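The values are calculated or read from the model by the stated rules, or taken from the named source; none is laboratory data. The shown structure was predicted, so the numbers you read here are calculated from the model rather than taken from an experiment. Virtual Cβ from ideal backbone geometry, glycine too; neighbours counted across all protein chains shown. Please note that ligands, DNA and RNA were not included when accessible areas were found on the heavy atoms of the full protein model with its side chains. Shrake-Rupley method; radii C 1.70, N 1.55, O 1.52, S 1.80 Å.
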Amino acid sequence: MRIELTVNGRLRHAEVPPMKLLIAVLREELGLCGTKEGCGEGECGACSVIMNGRLTNACLVPAVQASGSEILTIEGLGSSRDMDALQRAFVLEGGVQCGFCTPGMILAARALLEENPDPSAEEIKEALSGNICRCTGYERIYNAVRRAVAEGYCDTFRKRENLCSGQLPQPTGEGDERFLLPESLPEALSMLAENPGAVILAGTTDIVPDMKNGKFHAEKLLDISRLKEIKGIYKAGGEIHIGGCATNGDIIRSSLIRKYLPALWEASRRSGAPAVQNRATVAGNIATASGAADLPTILLPLGARVLLESVSGSRELPLERFIAGYRRTERREEELIAEIIIPTPPAGSYQKFFKRGSRRALTLSRISLGFCLEVEENVIKSFRAGAGSMSPVPIRLPKTEAAIEGKRLDETLIESAALAVSEELTPRKSAAWRKKMASNMLRTFLREVAEAEARKAKIEEIPDNEREGPKRLKGL
């Protein structure tokens, strides 16, 4: 397949197998060996590049999806003889040792600074969280980023142009006809109707590791990464619509999500490293129907529905019906997940997403919980809960919900709720630990709600003419 790329400001072409990964195209076809391959599964960040303005793991991007993209690699910043200010800062601060992971670190830092020219220390740490280095102390790396900012590095940025023609990848070899490349949703639905068994390619963060492990096989592949119709996030008619191809990164950057669905924002932020978040799609996280998937844990209590489209029309299913079992969904072969639709939570309601794994960050969950609650005059008007990583698929917790709804929010209820969630959960492994953690998480959430309601009550006791605005409220 013939592909075209804008790499470091130059238009480049290559004839490669469609599923050859971008890391191999850069190194083997274009001779750009600064980008390194480490884990090959998007875990270490050594292969990080900036693709269409976003940090991306080159080891997870098939050539067929990279075609038409604008890409910046370490060679596009500078060389050992002519380093740019960020590269120089890494050297001066001692942020470079063996150098294998350094190109990815520098590109991750550059991606951060293009989006946020004045990051906090915590934002720098989070932006580099997907880049593993075992030679250099991380503080030196963080210091290098801070030094580049202080020296005015961000003032030197210029807008990069994409020189690609916009033409789709062109079949040139045997087997290329297996790849279906729609440019619009109607075209994609028509192709899917004609090829109902086609495997859908979107973020490919799951498919590429499966492909490397020999678990992925398909006669036909439908690449939907170019469908703009299913990438947006918007609010309409009291509901929030998230396109199936919207990524975790899109959710994190969405002020709409952060305002109305903060628990979903948190779940997306906790799901993978930044480079993975920029690729992994919402529909993909749902369609895998895995018990360890992060987003369904909070989407279930949020009352999310799945909008499925086909040439025959559209239909909606509640998320808990859509997920039929482990790795099984109710999606028909001719259908695409077009949107996830979430009712806008009532003003004053509470949401929370919890996740615990084997380490603090970038980990598969060993337990995850999502809660949504409305309270009125200290009585719980409604309560919905979801749990992940404790059953074959994420589930609602109806017995716990029934034990809480309609009850007065006090310490007695909090303890009975903690007991109810422990009794309802039936984890297959580490059952005692998971039950105890779930109880503690629910206690934490309900106590946070109780404290917030107590603060509200104190504010309401202050006569209107004595309220001093935000400064006084902050101190209460």
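Note that region 133-149 has calculated 3J(HN,Hα) couplings of 9, 10, 9, 10, x, 4, 4, 5, 5, 4, 4, 5, 5, 4, 5, 4, 5 Hz, one per residue in order, obtained from phi through the Karplus relation 6.51 cos²θ - 1.76 cosθ + 1.60 (θ = phi - 60°); glycine and proline are x. Contact order, relative form, for region 14-157: 25 percent (alpha carbon pairs under 8 Å, 6 or more residues apart, mean separation divided by residue count).
Rounded to the nearest 500, what is the chain's calculated 222 nm mean residue ellipticity when only DSSP H runs of at least 4 contribute -39500 (n - 2.57) each, over all residues?
Values: 18 runs with 159 residues, N = 476.
Helix-only estimate at 222 nm: -9500 deg cm²/dmol.
Heavy-atom accessible area for Cys164, with the other protein chains in place and a 1.4 Å probe, reaches approximately 30 Å².
Counting Lys +1, Arg +1, Asp -1, Glu -1, what net charge surrounds Gly406 among other residues with beta carbon under 15 Å of its beta carbon? Let's see the in-between values first.
Values: positive: Lys381, Arg384, Lys399, Lys407, Arg408; negative: Glu374, Glu376, Glu377, Glu401, Glu405, Asp410.
Neighbour charge sum, excluding Gly406 itself: -1.
The string of couplings for region 308-324 from the Karplus curve (6.51, -1.76, 1.60, θ = phi - 60°) is 9, 10, 8, 5, 7, x, 10, 8, 10, 9, x, 4, 5, 7, 4, 7, 8 Hz, one whole number per residue in order, with x for Gly and Pro. A 1.4 Å probe run over region 340-464, with the rest of the protein chains in place, finds 50 Å² accessible per residue. Our estimate of slack between Arg455 and Lys228, defined as 0.36 nm per intervening residue step minus the Cα-Cα distance, is 77.3 nm.
Pairs of Cα atoms under 8 Å, at least six residues apart: use those to get the relative contact order of the chain, whole percent.
Working: 941 pairs, mean separation 51.0, N = 476.
After rounding, I find 11 percent.
For region 10-55, the solvent-accessible area with a 1.4 angstrom probe is 41 square angstrom per residue. Under a 5 Å amide H cut-off, with hydrogens placed 1.01 Å from N, Ile200 pairs with Leu222 among residues at least 5 apart or on other chains.
Which trypsin sites (Lys or Arg not before Pro) does region 89-151 hold that lie in a coil by DSSP with at most 16 other beta carbons within 10 Å?
Details: sites: Arg110, Lys125, Arg134, Arg140, Arg146, Arg147; in loops: Arg134.
Within region 89-151, the qualifying trypsin sites (Lys or Arg not before Pro) (loop, at most 16 other Cβ atoms within 10 Å) are Arg134.
Taking the 1.4 Å solvent-accessible surface of the chain as the whole, the part contributed by carbon and sulfur is 48%. Considering all C-alpha pairs of the chain, those separated by over 43 Å amount to 21%. A simple spin-label model places the labels of Glu448 and Ala24 4.4 nm from each other, with each point 7 Å out along Cα-to-Cβ.
Can you compute the equivalent ellipsoid semi-axes for region 1-53, i.e. the square root of 5 times each eigenvalue of the Cα gyration tensor, sorted largest first and rounded to whole Å? Intermediate values should be presented prior to the final figure.
On the way: eigenvalues 70, 36, 20 Å².
Ellipsoid semi-axes (Å, largest first): 19, 13, 10.
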